[in-house]
Amino acid sequence: MSERQWGTVREDYSKDGNAWDYFSHDQARSRAYRWGEDGLAGISDDQQNLCFALALWNGKDPILKERLFGLTNSEGNHGEDVKEYYFYLDNTPTHSYMKYLYKYPQGEFPYDDLVATNKKRTRHDFEYELLDTGAFDGDRYFDVFVEYAKESPDDLLIKISVWNRGPEPASLHILPTLWFRNTWSWSEGAVRPILLKVEGVKGVSTVGASYRELGERFLYCEGNIPLLFTENETNSERIFGTPNRTPYVKDAINNYVVRQKYAAINPEGKGTKVSPHYRVTIGPGQWEVVRLRLNNIAPRDINTAYAAANGNLFGADFDAVVEDRLEEANQFYATVIPSQLDADAANVMRQAVGGMLWSKQFYNFDVDKWLQEHGADQFKSKQLAPRNNHWHHMNNADIISMPDKWEYPWYAAWDLAFHILALSLVDEEFGKQQLDLMLEGRYLHPNGQLPAYEWNFSDVNPPVHAWSTIFTYRLEQVRRGRGDIDWLERSFQKLLLNFTWWVNRKDRTGKNAFEGGFLGLDNIGVFDRSAPLPTGGYLEQADGTAWMALFCQNMLEIAVQLAQERPAYAEMAAKFAEHFLWIASAMVHAGEDTGMWDEEDGFFYDVLRLPDGTSQRLKVRSLVGLLPLCAVTVFEGELKAKYPEMGQRFQRFLSARPELTEYIHDPAKIGCSGRTMTAVLNETKLRRVLTKMLDEKEFLSSYGIRSLSRYHVEHPYVFRMGSQDYSVSYLPAESDTGMFGGNSNWRGPIWMPINGLIIRALLMYYMYYGENFTIECPTGSGRKMNLYQVADELSRRLTGIFLRDKDGRRPVHGESPKFQRDSHWRDRLLFYEYFHGDSGAGLGASHQTGWTGIIARAMHLFATTTAEQALELGKKAGVTEVADRAAKRFAGGGSRKIT
């Protein structure tokens, strides 16, 4: 389940589109959700009808802890931000074993302090975090571990282990909660499911759950525990000041436990929401365990089903199953995590993948119905909803990998493409399903646009879907000996629609120089690139054009693979090869007109085209100018070998259009192992861009490639228009602007996905140039490396964000003494959205395992791949494991020695 359903677009029925204020955290305990659910360590069936999560009360909080608390976009000095500590510790692809940790203060949770203090802080101040409030002083908190283990697909064991880390005994109310998502209040005639108290198993409190979509399920709770029943219905009296539809409402269990309103719960033992009520007092350093079981076995059948355990649901067999599933998870990850990694690195990789598996969420949003409920009928009304009025076709009800289930509890198309890189380490089929979803008619717009995210499906994300598709296909080829050619063909046909949308919508002049808006890079530009420019005119974007060059290459790669079995696609391969050349040459053209390539600087910039016909480059040294380096792909000659006439045709095209390749890499020039390469940068330009990228005074940090050059510390870029100055400075931490909500920053921090693309590009160049191309790394160090070694070095720096250094510190934890020194905190890893450009400290969304989880793929790649293998196998090297030849890169925390 999501970590946050409140404050989402789906639940927003306001007129002004202010989702944060329309449905707040304070309302969430009392107000039924329309489209989904949330909860601590929450799980559900695959249509989120029946839900389970944990609730807690320390005897001092004003409300039950049923869901995570965080600041809204307007409350946080850097936008929305969760203010809790929770960790995704382990998970398997089948969810046979899952482990989650929540750290719960024993004193009153400082809700008001967090809001008030953060509101006082400016965008130039650090955020005020839960640790800063003193809530964990003296270690007065509980570590609450939740483990799920499946004895069978329909028999789920739930083990809740609570540790008192404090110096004194402490009491806790533990309320595991089972409920049905409210599907009955929104349409007439809908069937209401039911939860009932059931007798029949001695020493066990039992709840029966009945719904026609699921059949019957039973929750068995160890001990004779009180069962608190109510309805998952809005407390309208509290929220709207109107009478309730039922005497028992969503917040009844909260009111019963916290406010001692004993009439709030249903004495008849039935409803649509129920919590067994455990009360424990735990000594210092001690723990208590609560066990439950959710399955489809009726009480009358328990003795038969569990005959080997003498009908005992919670005896030694229960703990044995949990231990068995953990051991099986260990065995599974032993096949995934390279043996070359030491224990610390293996822990990082396992938590990265486990976090990605925890980030799967049932996402439910019928946009047409939502728009109609806003009065925005597609055919009958001129009234508009606050957003997404052109997406009536969308009807999403699927399990999707989320960027971050609290800060971004909605899918983002380009994030998802990166997720596949890590997910495919453990669940290749799920990865393919995710790619398929975005291309289905329920998602892909009839005009070919991929949906961006629920705040504005019409926003434009970088077109990386094709890149993820061909990666997945190659992985399948290597693992199974043959790729799914039918799947690849289906994907290609839909991607062709998306490519056509880009060409028709984002190439304003038809000259192959693309726009695109913010393109996922939020505040990276001088202006908000998704809004009308204050100058008038428009931007030709170096990143938008580079993305389209890469899109062309990926479509060319797919067409080449399809043509091996289906000749018609040879023509499509030729089309995309030619189209790439038009785009690449447009990026670096020389002449009187102002282009994106600056020969004096040796770098790419966006070009501002003004209404009076004049143009100028916006000279910000950022990832925008590095992305053209990423538009590179090597080819093994398969198409020319199978269709010699296509090679001859391409050569005639090149001969007839020499201007297309005059300033870019010559695609006909043969490199290592007979390979050819399509690339925007020829060798001279590549060296110039790499010299800047690998300069520690510019882009190269000790922890990866920065999003903005450090050059701008002393040389901020200033664009003056009249009396107004627009400036861009190097900001290694949080943003100082409210652009795109102010909750992310592309003006200095390190972002994992773009670093991943850069590593891919370096390996491509290495496969073509081989040992003949070396460059200083870092710039000015006198240390020469080939491009494989540069990629390896970059991966080492990125991985170093999470690993303990020589002093035992993890850069990701920043300056937090608790995270750096405390044995109960220091190995609990958070995979942040981005990282401080100088220190590597984690920033932004704290559980962005989504695309930051690709660190697992980087660790795996360089532990199972050698430079020799890359030259020998080419692109297949990235998905081929030759572990016995891989250097023991992480042993002892060191890296391969490069001379």
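The values are calculated or read from the model by the stated rules, or taken from the named source; none is laboratory data. What you see is a predicted model; the values in this text were computed from it and never measured. No Cβ is skipped: glycine too gets one built from the backbone with ideal geometry, and neighbour counts run over all protein chains shown. Protein only, heavy atoms only, side chains kept; ligands, DNA and RNA dropped before computing areas. Shrake-Rupley method; radii C 1.70, N 1.55, O 1.52, S 1.80 Å.
Descriptive notes on the structure:
- The chain - percent relative contact order, Cα under 8 Å, separation 6 or more: 10
- Accessible heavy-atom area order of Glu222, Glu231, highest first, probe of 1.4 Å: Glu222, Glu231
- For Lys119, Lys494, the ranking by accessible surface with the largest value first comes to Lys119, Lys494, using a 1.4 Å probe.
- About the Cα centre, charge dipole magnitude for the range 333-455 (Lys/Arg +1, Asp/Glu -1 at Cβ), debye: 380
- Positive end of the dipole of the chain (Cβ unit charges, origin at the Cα centre): among Met596, Ser701, Asn303, the Cα lying farthest that way belongs to Met596.
- Solvent-accessible area per residue in the chain equals 36 Å², computed with a 1.4 angstrom probe and all protein chains kept.
- Euclidean distance of C-alpha centroids, the range 257-319 and the range 330-372, integer Å: 29
- Seen against the Cα atoms of the chain and their longest principal axis, helix 569-588 is set at about 80 degrees.
- With both residues required to sit in the chain, DSSP beta bridges show an antiparallel share near 95%.
- Separation of the range 391-450 and the range 452-480, taken as the distance between their Cα centroids, equals 8 angstrom.
- Charge context of Ser185, other residues only, Cβ under 12 angstrom, K/R +1, D/E -1: +3
- Crossing angle, helix 343-358 versus the chain [Cα axis fit, 0-90 degrees, rounded to tens]: 70
- Assuming charge only on the beta carbon of Lys and Arg (+1) and of Asp and Glu (-1), the dipole of the range 10-129 about its Cα centre is about 120 debye to the nearest 20.
- If you sort Asp344, Asp137 by accessible surface, 1.4 Å probe, largest first, the order is Asp137, Asp344.
- Taking the accessible area of the range 802-848, probe 1.4 Å, and keeping the other protein chains in place, the carbon and sulfur fraction comes to 45%.
- Candidates Ala397, Gly200, Leu623 compared by Cα position along the dipole of the chain: farthest toward the positive end lies Leu623, with charges placed on Cβ.
- Separation of the range 554-619 from the range 798-861 is 37 Å, based on Cα centroids.
- Length-normalised contact order for the range 384-469 - Cα pairs under 8 Å, 6+ apart - percent: 35
- Shape category assigned to the chain from the gyration tensor of Cα positions, a/c cut at 1.5: prolate
- In the range 698-746, the portion of solvent-accessible area held by carbon and sulfur atoms comes to 44 percent [1.4 Å probe, whole percent, DNA, RNA and ligands not counted].
- Estimated from helical segments only, the mean residue ellipticity of the chain at 222 nm is -9000 deg cm²/dmol, where each DSSP H run of four or more residues counts as -39500 (n - 2.57).
- DSSP beta bridge pairing in the range 169-291, given as percent antiparallel to the nearest 5: 95
- As a fraction of the 1.4 Å probe accessible area of the range 44-171, surface on carbon and sulfur atoms comes out at 47 percent.
- Remark: for residue pairs Lys250/Lys382; Lys65/Lys273; Lys99/Lys405, the C-alpha separation exceeds 25 Å in Lys250/Lys382.
- For the range 547-643, the relative contact order is 27 percent, taking Cα pairs closer than 8 Å that sit 6 or more residues apart in sequence and dividing their mean separation by the residue count.
- Charge tally in the Cβ shell below 11 Å around Lys506, where Lys, Arg are +1 and Asp, Glu are -1, Lys506 excluded: -1
- Size of charge dipole - the chain - debye, nearest 20, with Cβ of Lys, Arg +1 and Asp, Glu -1, no other charges: 420
- Prolate/oblate/rounded label for the range 172-277 (Cα gyration tensor, a/c 1.5): oblate
- Cα shape, the range 578-716, gyration tensor, a/c 1.5 rule: oblate
- Whole-angstrom Cα spans of the range 207-361 along principal axes, big to small: 64, 43, 42
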